[in-house]
Every structure is written in structure tokens, then in C-alpha cells.
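For reference, the structure is listed below as C-alpha cells.
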């Protein structure tokens, strides 16, 4: 696929020219809304930045709907749990948009402990002509008022404001790793390491626990929940993945507590491949339903797998993301990179899947043609509106001119979060503190 | 079977790296990450498994080598005519009453390797007479807990060199008593010296001192339950302590790490635990210690 690159840096401050990134600016989640008009990013500092796509204009047909900053707000602040002497990070773990029902936009954002519902709305008019206060807002002396007038709405510069409408807190003992909005648009679930809770979007003081895998004796703990998602169409079905590499599909109609799964997806481990780190690399970091609802995609450290919901014994397809890292697992363990949680995404038609890697590389796999491509998100290697050049990692032997050897990969530059427009070929790629948006080339 | 060939570092380094990660996770922002620590514990378990296998293979190889060398030396020293006599004496000395206290000599070889030594110990030289005797006694199946209690150093053995009487090569070993939850430091193999030093002494009154020690070493017994092999007690006669002491782990932080691990997984997540299970933010609660998972017990012996 040919791409046109169009870079955006979130932080438009003086840091633009500096090469270092403050930790707070590191992007921790990226998500398109259901129409693709808006793109939200969350960062480690608890901020959410929402981009909006420009309306296509006839004057500049080649600038086909670029994304500009629409709203920025502080979603979560650092907190301190005094009872447990724990600091709660403000890092935004996930953002999920709600479907649009009126002029305002709604999204759910979560940190380790608290989920918040934000309303993003525009204001382009303001009332003028108050009786009790003057234009500056100062209270008028009632004695000076001699006439009454009705305030009128006058146009003003567009202002986008974000207000927290609901705060869903105190339901999770462990760290929240996922949220997912149900297709009924009334409920959503939040998932931590050991439990999944179901909420009603209107009710913040109560949630229902639907999955609990905490053992009575914590010494017996063998696996944790790593991600969970509702089925895109069936509001009673959801899946959750585990650190042991298995996925469980549950039906909420079966029982109130869905500890017993309806389906269990797991691929038996190849005993010849066993190493010190087998458990780590088999831990699933992300699970996503296809748009059709027929397939599941899971990401573990080295592969992406596509599962058919009707076949539990093994995945339909397995794609190697960066198998050349298999011999480097030891050093990746030492520098903690082996614990990186990569996400994966489907394109709108479920024909292509995408996931990130190191050295600011990201990979796309075409499920139909079985072709794959490695692309790089970096300003040095691509100018705006230039076509992205496929990259290649040299695994051994003679290195060709444009190839990069495994040892020269930069493991601090990792692409963990990516998003794909629901209908079009527009992708958003988060590379540390930079957001890259790529579009299909317009002929 | 874990394939270790692709790993650049050996099992022991992996263990220390993993422990360091767990230790560091206590102070990182946002609280202890349950998922990451669980994964680290799996690496720890795998590394320990490999380490144990390597250790016992090494011990067994050393054992065979020593047996052969000793027999050869004895053959050279002794007058052929005195051969049988001496060997008999030696075996008697070695073991006192073979029925009563076979343990120490029998403790030379791991239980599971009883059958094989018979073949392996056969030296090529002509000393066939004493050998069967030796092998017999060596092959005896002693009361497991008995010899364990005498000399068994909870695995791994690296911290203590089973050296002969006058050698003070043993390093300090820090151990955690699972029953009293007291961290004690064993100096220079003092305890080992007592039981390994002179075999005669040991064997003659093998019953009493060993039994006495059984109490002290009681906590080791529980360590071994899941391990089929055990650490044999080395004979004092062996000149060189060929238990090559592998580089000891960095013991500077061990006592701290033990206190982390002593509380088991519950200790690691105590800050995250439900209020009803809260350990009041304190590690090393007695409850948690008593219910340590088997794999964590290995770590406390470091």
C-alpha cells in the first residue's frame, strides 16, 4: 500500500525542536471515533488531545482532510491512595469513544483505577446583555439598574470544551488495562488484572463483577487478565485474554458471573521452542474483534494471530512480527523490553491487520494476498507527503544497502499504539511522544 | 525441557536479574505491577529448574570422579595384601554400624542414582574386592530425612563449600527458618564442619548428633520435599573439595530479598490486596511465610 505521510506533533510548545521527550508526553493510547472524524490520544501525563478532520475543501483538493487539534484537556491527575500508601499514576491507559447521539462527543478514558466519561462540545454562541452583571462579568449595583432586557445569543469564536460527566471509581483493586463499550450503548466493562466489571453508563455508584479469576490463595496465582473486549454486534458476548496465551469467550446470558467460559481459544505450545521466557512471550497483550465480529485477533510478543470464533483449537492465521528477536530474548528481558505491550488493529474491511515493532517500525499484513510490509514512522526518514518506503530488517548474512541489522535496532523507539480509520485507509501511529498520521495516496 | 542454548546468560544470572526486578518493582511509581511480577516469577522458576538440573548433574559427575580417584589412590597406597582388610576397616569406620547409621555414606549419592553407581564406580585398576563393598554401602538406601538432616544444605549448594575438616572455605550462608521466621547466618560452614569433618566421628555417634541436628535443620526437610535428589554429604577423605563453588550470588541484598520473597506472592501484592486480606502494608507476615509456594522456598536458601 502506498502511503502519504503527514506528521503532527502533539506538543506544539518550544519543545518542538528538541530531540528529547518528557515522559509526560509519551502517548499511551490512540483511538478513532466511530465515524473517523475524530482521533483521540492519551498520554502519560493524563492529558487527552482530540484531533478533528478538516472538511475537504474544493480549493485544496490535495489536502484531503488533515487532522488538526480540536480539544485538549487534563483527564486524570496523579492521586495518592493513603490507605495503601500507593501513588496512582495519571497515565491514560485506554480511550474508547461512544457512538454519537447528538451534537456533542463522548469518550471514556481510564487510568489505573478510575474511568471517566467526558463530554466534548462546541460552543460558538454566547449570551450577551445580562441584567445583573456587565460585559466584563462584574456584578452591577442593583441600584443602578433601571431597565430589564433579555439576553441575546451572539456568535463567538468557536470554543471546544470538555467536561467530565461521570466518574466511575473505586471498583478496581488492581490496575485497569482495558475498557470496552457494549454495542447496546448502555453499558461498558472495565478490566483489571483479575476482575472484569460491568457498568451502566448512567450509574457511577454501582458496578457488577462479571469475571473474577482471583484465587483464594494468592500464592496460587498463575495467570492474569490482560485485555477484554465486547463483541461488536452481540451485546451479550465478550472475550478476555490471559497472560498464559489463552482467550476465553463468555456469554453473559449464561450466568451472572462469567467465570466459566463458553469458548476457550488456545494454541498448544511447541515443546521444542521452550525457553526461559516462554511464558512471557506467550502472554497476550491485546485482543480485538474484527469489524464483522467473526474473527478475533491477538497479539503476543512475537506474533499476531487471527482466530476464527468457530475454531478454538488453533488460530486461523499466524503472522511473525519480528521473529528475529527470538534469539535476543535474554537482553530484551534485561532491559525490560520483553514486557512491552503491543497493540494490534484491523482495517475497516478486516482484510489488513497492523501492529507495531521497535525502531519506530510498524508492520501490516494483508490477509488475502499474504503480503506484509514494514514501514517506519520517523521524521528523518520521511518528508511530509512523501511516500513511505518499505523497510527491511536483515537477519543474518550479508546486509544489503537499505537493510537494517538486528543489532542496530533502537529498542527505545517502540510503536505500541496504532489506530486505523473505520472506513478509509488512514492510520495513526504513536511513536513515543509523536503522532504520525498516514493516508492513502490520492491519485 | 528448557532450551538454554539461546540464552546469553546462565541460569544463576537470570535468577539474580529477576530478583532485582522484583525488588525494584516495589519502589516504582504506580504500585506493584501484578502482571509483570507474575511473568518475572515464571522466569525465576524456569531458571531455578535449569540451575538445579545443572547442579545435580555436576554433583553427580563430581561424585563419580571422586569415587574413582579415591579408589585408585587407595590402591596405589595400600599393599595389595592389606587391601581387603583396609577396605573393610574403612567401610566399617566409615559407617559404623551399617544398619543403624548408613545414612552418611549412603548420603554420598542421590537417591535416584542408586542403581547406576554400581557400574560407574568400577575403576579400571585391579581393585575389585573393596569396591563391591563400597558400592553396596553406597547404594544403600538410607532414611531420607536422616541424612538430610545431617548434612543437607538446602539447595543450591553454591554458598557452602563442603570442604574437609581444616579447610574453612565455606562462605556465609543466609537462611530463613520457615518455622520461626528468623533469618540466620551460618558462618564458614560451622554447621557443616561438625557433620562432615571427620566421618568416623560422625558415623560413630551418628545417631545422636544427627538427631540433634535434625531439629535445627528441620526446616531444610520441607525444602526438599519436591526435589527428588538431594545434596549429598561429601566425605571428609576427599582431598580437594571439588564442589566448585560457583560464584555466589550477590549476597549484599539477599536478606532484603528474602524478606520480600519470604512473604510470597501475597507479600508482593499486599499493597494491592483487598482490604480484607491486607497485611497492613507489611511484608513477611507469618501467615504468608507459612504458606510459601514451593518455588519460593528455593530462594530463601540463597
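Each value in this text was obtained by applying a stated rule to the coordinates, not by laboratory testing. What you see is a predicted model, and the numbers here were worked out from it, not measured in a lab. Positions of Cβ are generated from backbone atoms using ideal geometry, with glycine treated the same way; all protein chains shown enter the neighbour counts.
Okay, here's what the table says:
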read-out	value
Calculated log₁₀ intensity ratio I(q)/I(0) where the Debye formula runs over C-alpha points of the range A:134-197, q = 0.18 Å⁻¹	-0.85
For residues of B:26-32, the mean tally of beta carbons on other chains within 10 Å	5
Shielding of A:271-277 by partner chains, average beta-carbon count, 10 Å	6
Relative contact order [Cα under 8 Å, 6+ residues apart], the range A:65-209, whole percent	19
Radius, Kirkwood style, for the range A:80-177 when every pair of distinct Cα atoms is counted (Å)	17.4
Average beta carbon contacts from partner chains per residue of A:220-228, 10 Å cutoff	3
Convex hull per residue volume in Å³, alpha carbons only, for chain A	201
Fewest-first sequence of A:198, A:296 by Cβ atoms within 10 Å of each Cβ	A:198, A:296
The range A:344-425: Cα Rg divided by the 2.2 N^0.38 Å rule of thumb	1.16
For chain A, built as a Gaussian network whose Cα springs stay under 10 Å, the top-fluctuating residue of A:112, A:340, A:136	A:136
Solution diffusion estimate, µm²/s, Stokes-Einstein, the range A:299-443, Kirkwood Rh from C-alpha pairs, 20 °C, viscosity 1.002 mPa s	132
Difference of contour (0.36 nm per residue) and Cα-Cα distance, residue A:389 to residue A:121	92.6 nm
Inter-label distance for residue B:72 and residue A:148, nm, one decimal - labels placed 7 Å from Cα along Cα-to-Cβ	11.7
Sites residue A:372 and residue A:55, calculated FRET efficiency, Cβ-Cβ separation with R0 35 Å, nearest 0.05	0.50
Alpha-carbon gyration tensor eigenvalues x 5, square-rooted, for the range A:300-357, Å	25, 14, 9
Percent of Cα pairs exceeding the 15 Å cut-off, where the set is the range A:199-274	65
Residues A:405, A:180 arranged by fewest to most Cβ contacts within 10 Å	A:405, A:180
Relative contact order of chain A, defined on C-alpha pairs under 8 angstrom at six or more residues apart (%)	14
Segment residue A:251-residue A:23, extension gain: residue separation times 0.36 nm, minus the distance between their alpha carbons	78.1 nm
Percent of Cα pairs exceeding the 26 Å cut-off, where the set is the range A:206-338	27
Protection proxy ranking, peptides B:41-52, A:139-150, average beta carbon neighbours within 10 Å, highest first	B:41-52, A:139-150
Among A:103, A:430, A:256: highest mean-square fluctuation, GNM of chain A, C-alpha pairs under 10 Å	A:103
Length released on extending from residue A:104 to residue A:156, taking residue separation times 0.36 nm less the Cα-Cα span	16.9 nm
